[in-house]
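Notes follow once the structure below has been shown.
Values in this text are rule-based calculations from the coordinates and carry no lab data. Bear in mind the structure is a predicted one, so any value in this text is a computation, not a measurement. Note: ideal-geometry Cβ built from the backbone for every residue, glycine included; neighbour counts use all protein chains shown.
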Amino acid sequence: HLLQQQHLQQQHKATGLSPSGRPWLSETGGAASVAAAVRRASDSCGYARGNRWCPGLREDSAHQQVEVLEHETRDGTNGSSSSSGSRAAPNAAISKRAAPSWQVVRGMDGTLEGFAQPKQVSPHIRHLLDKVSQFALQTHPVPTTTSDPPEPLPDPKAPWHAQPQDPLKFNPLTEGEIAQLLEARGADFWAVVEAADQLRARVCGNVVTHTVNRNINYTNVCTFGCGFCAFSKGKVSDLVRGPAYLIPMAEITRRTAEAWDRGATEVCMQGGIHPDFTGSTYLDIVAAAKAGAPDMHVHAFSPLEVFEGARSLGVSLADFLTSLHDAGCDSLPGTAAEVLHDGVRAVLCPDKINTAEWLEVVETAHSVGLRTTATLMFGHVEHGPITWAAHLHALRSLQARTSGITEFVPLPFVHMEAPVYLKGLARRGPTLHECMLLHAVSRLALHPHITNIQASWPKMGPEMAAQLMTSGCNDMGGSLMNESITKAAGGPWGQELPPSEMQRFIRAAGRVPLHRTTVYRAPPADRSAASLDPEVAGKPLAPLVFK
């Protein structure tokens, strides 16, 4: 009997059918299945979403409820319902039906509105927050003043070497405790957010940094099939949405020079894993950027690209990264991390490098003198707090060994055009509750190892990103000039946020804006002046050239 059950389960998994033979009842029955509908309406813990907002939607959707569940009673006085319905309620306006007995709406803090909620922080969460607070007094006995910038990193022109951090200053939160903070709701949620904001103020003051950079996505041709990616294309002959492209090297040079003229100090360059690329191609890309502006900081190549580049040449990671560094690559973006949990990666990006390989690339980069950022893409297929906590714990352990991560950037999943969402296998990105909570817990869990927590305005929108300044964030990222990945996924932002606009959003959030370089140093005066020059800012970018 057990063997027969196992055989049937294998058949159902292979065919996508439920035991009843109905695909719409199957866990993998497609976008029209019950399971897909539940995913669309739920957060990472399985609770109902509190409003329509998700990454990639305009800010006003945060005030529009996702759905209201109404039950009418036969006599209008008790909970015995004769009819029920679920429907959208735009602008939070709930139309009245005859004698509704109750309505349920989930609030931004993760609790059910209309029900009595504990007003006191739970003892266990209070204990964890007190533990972090006492630890912060040891690491930063003197709080940072409002006008002080974050602790500067060494001069970018000076050689940098990886070094272990003080073991006596290792964050006391365990992976399990991090997960518990990530499950906070109600009074616990607000206490976590407030604690993160207080820690941010102690370490960074009221300064919020930003940089002026340009994104160059040199190709969207990719041999990998990541379920979240709406950017990559197959060959031109394939039936893909939109044309495949490969930017000529001369265009990389031109875009870099144009960015320099607009006050940029960085070009951030990434692309798909093109079947014709080798490690030598990446060296040529660095050379093309440096030809456009020799003093431009080249922040380029994801750990996946580095891994594939080394493999294509048959050399070690250390040797290939050293070659990149010698060619003029100054740092690496810590993308392609998605979630550092192999169970999630098996669903989301099964043919990509695994957790151990990603960590190896980043640690090796640090060992040869290349600093990196670090990211976490959340709100899709993962099981929320447990996997996020594992990700944060892995990054913290790596940083304690090398000190090479300059910033941590949570990246909310933008779902609209993502293949995994269109197949009904993913959620609609994280809720606002989850976005605020993850940024806040990142501040608490990564202190003092990673000082800078960035809010992603292309994913969140500028206004929402600025609101995250109250959840532990101290950085707004770069102006970008061009951005293709979020736009391809369906997001309305991503092309450019001029420095003057960036500073306006930061001031509106009650913070002090500060222009920085990639490695959190003050930029040369001429760079800041050029970035804020009205004539430069008002000049449109030249048309992009593709091949």
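With neighbours defined as other Cβ atoms within 10 Å of a residue's Cβ, the residues 423, 459, 547 order from fewest to most as 547, 423, 459.
Give me Rg over Rh for segment 308-406, both radii from the alpha carbons and Rh done the Kirkwood way, two decimal places. Don't skip to the end; give the middle numbers.
On the way: Rg = 13.9 Å, Rh = 14.1 Å.
Checking Rg against Rh, the ratio lands at 0.98.
How would you classify segment 171-538 from its alpha-carbon gyration tensor, with a ≥ b ≥ c the square roots of the eigenvalues: rounded for a/c under 1.5, else prolate if a/b is greater than b/c, otherwise oblate? Verdict is rounded for segment 171-538.
The calculated FRET efficiency for the pair residue 319 and residue 287, based on their C-beta separation and a Förster distance of 22 Å, comes to about 0.75. Each of 290, 131 has some number of other Cβ atoms within 10 Å of its Cβ, and from fewest to most they run 131, 290.
Counting neighbouring beta carbons within 10 Å and listing from fewest to most, the residues 108, 296, 269 come out as 108, 296, 269.
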